[in-house]
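What follows is a short report on a single structure.
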Amino acid sequence: MITLSSDFGAPYPAAMKGVILQRVDTRLVDVSHEFPRQDVRSAAFWLREVLPWFPPAVHLVVVDPGVGTDRRALVVRAGDHALVGPDNGVLLPAARALATAASANGDAAGGDGPVEVFEYAYGTPSSNTFHGRDVFAPAAAAVHGIGVDDLDAADRLTRTDGFEAVTFPDPSVDETGAEGEVLVVDGFGNVVTNVPGEVLADHVGEQTAVNGTEVPVVRAYAECEPGQRLVTVGSHGNVELAVNQGRGDDAFGLGPGQTVQLGW
Amino acid sequence: MITLSSDFGAPYPAAMKGVILQRVDTRLVDVSHEFPRQDVRSAAFWLREVLPWFPPAVHLVVVDPGVGTDRRALVVRAGDHALVGPDNGVLLPAARALATAASANGDAAGGDGPVEVFEYAYGTPSSNTFHGRDVFAPAAAAVHGIGVDDLDAADRLTRTDGFEAVTFPDPSVDETGAEGEVLVVDGFGNVVTNVPGEVLADHVGEQTAVNGTEVPVVRAYAECEPGQRLVTVGSHGNVELAVNQGRGDDAFGLGPGQTVQLGW
Amino acid sequence: MITLSSDFGAPYPAAMKGVILQRVDTRLVDVSHEFPRQDVRSAAFWLREVLPWFPPAVHLVVVDPGVGTDRRALVVRAGDHALVGPDNGVLLPAARALATAASANGDAAGGDGPVEVFEYAYGTPSSNTFHGRDVFAPAAAAVHGIGVDDLDAADRLTRTDGFEAVTFPDPSVDETGAEGEVLVVDGFGNVVTNVPGEVLADHVGEQTAVNGTEVPVVRAYAECEPGQRLVTVGSHGNVELAVNQGRGDDAFGLGPGQTVQLGW
């Protein structure tokens, strides 16, 4: 199985699929081609949330503002999974989540499920603007053909310790509240923060101050009236600011990178 | 085969696919993940129009404004098909259409192709905001594994007679015209009404009054000039208000739920 | 393998998939269903760029402003590929690119890889507004079943020499510059012209005048600062006007059909 993720919209992902299907016959699954354009950080977050739900696969990821420059191509092994994409940090949060999951299940060869990073040597691609088609899709097909267990023996792969990695900031939490930041806004307009959902555990049914405004803490969106603002724990386990049947980003006036203060 | 429908956009459907592919190895087909958000009624209409074109399948449907509340999860058997989703009415129009089609083909065990509704008992899901991933995708995989014919023996399924069902209003038709309402607007801006297309049969080539304005009745969009308003029979068999190579919703100023009066 | 392309958005393509899967069991790959609506020319361009990356397949293409009129349905054979769609020109650029590629690889039976065009005879479809579902999807399934090599023996197919074909204008190029036009704008806002990329070969690192304004010629987007305008060679091999991490169409004020003058 090969999954595909990009910020390409359409029809560019189809060219990647054609390139892969010229080389291997396997299931292809789209994760998303609608990641915010050139936003490595958002893609890294979403991949960390989504890829661990998949069975072992090769994950092709192309959110690549440095396309055509000398940034490297990477293959990252994480448990039974491999991730293929540019060396700009986008692969690492998902890889670490996959490795941790593998380790927790006792599936990781290395015991604690560390990631292993390889540089993928590519020649001169036929374009400088579409390495998804010309570099990464062939690489993903090659990795699928080689097999995740045999990457060490692959001609074009060399282990490397130096690579980019997106990291997400830690929130600060104490008994009076929490301060964190917005990581992403989803398609519903739900505002996903970096504050762990556990901080809400003792406050469900109460009000909390979100950047100074009182909002109810609920378990489910529909515990509020349509159009009402709320705070809840999202499916990623973090505090999420939302509006029942509406857009939290508009109501709270918040977007990625902005500060969120919760107090009780 | 499992089809997937939701109002999720991207990348949430990919998490559902991962969950399914952890459990079963079958073809996955997206119906749409762009249904209007939280709009159970629109999704119910589109599923009724689209699902009957499929061969026997399990249809996973998640348009679910009540996620995380105590609304139930349902499995509906209709001919050789099963539908899996929330008990908010979204499944029923499609299920009934599938059952009728099965009956018409002589495929339905029961003769007249009634639907059979089961409650699906789920434990405590890992989130209250993403039952697509945590409840319905596992349920769809389970139903696929059990097989549509063997649902009665499934542990988590219990027959139920009480369930929600979306219904669509009946239009009024007489020899002077018809009055109905807009059911949905499609991506082209075509305005789909609940008035049966047969009312236009004797009027093709004539003008009809649509909410008081004269518009030609045509067989095909391109029988009018680009930009011109028209009335025709859509692919769902209903009267449709459109603009050749333009948007009917803008030109007619109409959206879901609004009244449409046709007169001749 | 059957690929699907349209301007349908969602959920209409799912009905086509259902119709196909009722008839054949093969891999389905979406090329795009987001082609600009009723824009035969844009779709023809994108298909020419994308389909040659695929292994042998049947390519179903429905961008069809003449749906329901007496425009014909075509099947075009190109090397080991077949294309199925309306006789409005949309198929031909891709078909010719596929035939040329086949010929270059020595794969084309005919030596020089010409396209062969068949009219597909269809009865009275069940709708006049959705031939994708009622005419072309069944045709694509039938062509897949017959096999690309055996189209001559198919009941509903008759060779034809008269058919529509989209063509793209030739640019004018001399030692002082080039004049061409915008073919399409992609989802990133990159402005794709008909001027061959070779004209930039001797000018990388220099400035060029684009409609009178000086802009750097670069190999990769990221050679400029974010937000800066640039000229480069796109993945299609043509001159492309872009903004690093921004939208070239907005910055240059250009869209399909408009004139682009390059000078040095």
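Computed from the coordinates by the stated procedures, all read-outs in this text should not be read as laboratory data. Predicted model, so just to flag it, every value in this text is computed and none were measured. Please note: Cβ atoms are built from the backbone with ideal geometry, for glycine as well, and neighbour counts cover all protein chains shown.
Residues of the stretch C:221-241 with an amide N closer than 20 Å to a point placed 7 Å from the Cα of C:Glu206 along the Cα-to-Cβ direction: C:221, C:223-224, C:229-234, C:238-241. For B:Trp46, C:Trp53, the sequence from fewest to most other C-beta atoms within 10 Å is C:Trp53, B:Trp46. Residue ranges B:252-259, B:93-100 sort as B:93-100, B:252-259 when ordered by packing (mean number of other C-beta atoms within 10 Å per residue, highest first). Would the protein assembly as shown count as rounded, prolate or oblate if I go by the C-alpha gyration tensor, calling it rounded below 1.5 in a/c and otherwise prolate when a/b exceeds b/c, oblate otherwise? Rounded. Inter-chain Cβ neighbour count for C:149-162, averaged per residue, equals 0 (cutoff 10 Å, partner chain atoms only).
What is the fewest-to-most order of B:Leu47, A:Leu4 by other Cβ atoms lying within 10 Å of their Cβ?
A:Leu4, B:Leu47
Size descriptor for the stretch A:172-263, Kirkwood hydrodynamic radius: 12.5 Å (Cα pairs only, one decimal). Each copy carries B:Asp149; placing its label point 7 Å along the C-beta direction from Cα gives inter-copy distances of 3.8, 3.8 nm, listed from smallest up. Modelled this way, with points 7 Å down the Cα-to-C-beta line, the labels at C:Thr124 and B:Arg27 are 3.1 nm from one another. Of A:Val148, A:Val62, the sequence from fewest to most neighbouring Cβ atoms within 10 angstrom is A:Val148, A:Val62. For the residues of A:238-251, the average number of beta carbons from a partner chain within 10 Å of their own beta carbon is 1. On the beta carbon distance between A:Thr259 and C:Glu175, with R0 = 51 Å, the FRET formula returns roughly 0.35. Remark: relative contact order (the stretch A:2-159) = 25 percent; criterion is Cα-Cα distance under 8 angstrom and separation of 6 or more residues.
Partner shielding of C:75-86 amounts to 0, given as the average count of beta-carbon atoms from other chains within 10 Å of each residue beta-carbon. Summary value for chain C: 15 percent relative contact order, contacts being C-alpha pairs under 8 angstrom separated by 6+ residues. Peptides A:242-250, A:198-206, ordered by how many other C-beta atoms sit within 10 Å of their residues on average, highest first, read A:242-250, A:198-206.
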